[in-house]
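One structure is given below, encoded as structure tokens.
The values are calculated or read from the model by the stated rules, or taken from the named source; none is laboratory data. Source: prediction; values computed, not measured. No Cβ is skipped: glycine too gets one built from the backbone with ideal geometry, and neighbour counts run over all protein chains shown. Heads up: the accessible areas ignore ligands, DNA and RNA and are worked out on the full protein's heavy atoms, side chains in. Shrake-Rupley method; radii C 1.70, N 1.55, O 1.52, S 1.80 Å.
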Amino acid sequence: MNRSLSLSGLLLAMTLGPALAVAGEVSLSGEGSVRYQPDSARLQFTASAEHELPQRATEQVAEMMDQWREGIAEYQPQLQDYTDAMVNLYSRTLPGSERGEEPRQRAVASQTVSFEISDLSLLNPLLEQAQTIGMNYHLGAGQFFHSDEAGLEQQALAKAIADARARCEFVARELQSSCGDVVSINVNGGFRPVPVMMAEAKGRSDTVSSVGVREVHATVNATFELD
């Protein structure tokens, strides 16, 4: 009889064991974000010219590059990772303007300059110089970034972890318990820009007045012990 009761008690304990372990833990998420304004930019400008003679197209590009180098001389020391690519020369075929006219060959020469700036006050003077010479470029939100992206990610992650801990403490108080050690934690995060208010400089007289505000966001999923 006693042996039968003992066996029943053991089976009951085995059945309730997992439930009791789960009841001693709480799983929840935490979020954190940091708003920031980009302080750097990656820029690319292309000088291009077209002519019937390849040599003449190349010479025109060289003239544009000479004007560019002269115009940015005072800013040159502040341009990081500056590259001045070799001249790219190819030909394209233009259809005859009239029926029966033979297609025409045109030589196209181009040369691309790329670099980064960590002082956005240089942006408009550089754009104005490119516009004056007639260089091609496109300026979009993806070309702007922050020089300390890793630091911003860590700040957002720290806020997410603190948020998860605060939620755990709230739940624990409601259950008349206390939030204990972390059992497990999964981290998700990355740069997620908020809507950017920025003028795209494409035309000859465009300037950029603002590059907008962005946000780095992090999320954690954590399980805590309840003491």
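For the stretch 47-146, with all protein chains in place and a probe radius of 1.4 Å, 47% of the accessible heavy-atom surface sits on carbon or sulfur.
Can you tally the net charge around E225? Count Lys and Arg as +1, Asp and Glu as -1, for every other residue whose Cβ sits under 13 Å from the Cβ of E225.
Working: positive: R165; negative: E25, E169, D181, D227.
Here the count lands on -3.
Above 21 Å, the calculated P(r) of the stretch 88-175 contains 67 percent of its Cα-Cα pairs.
Restriction of the GluC sites (Glu not before Pro) in the stretch 99-158 to DSSP coil positions whose beta-carbon has at most 12 other beta-carbons within 10 angstrom yields E101.
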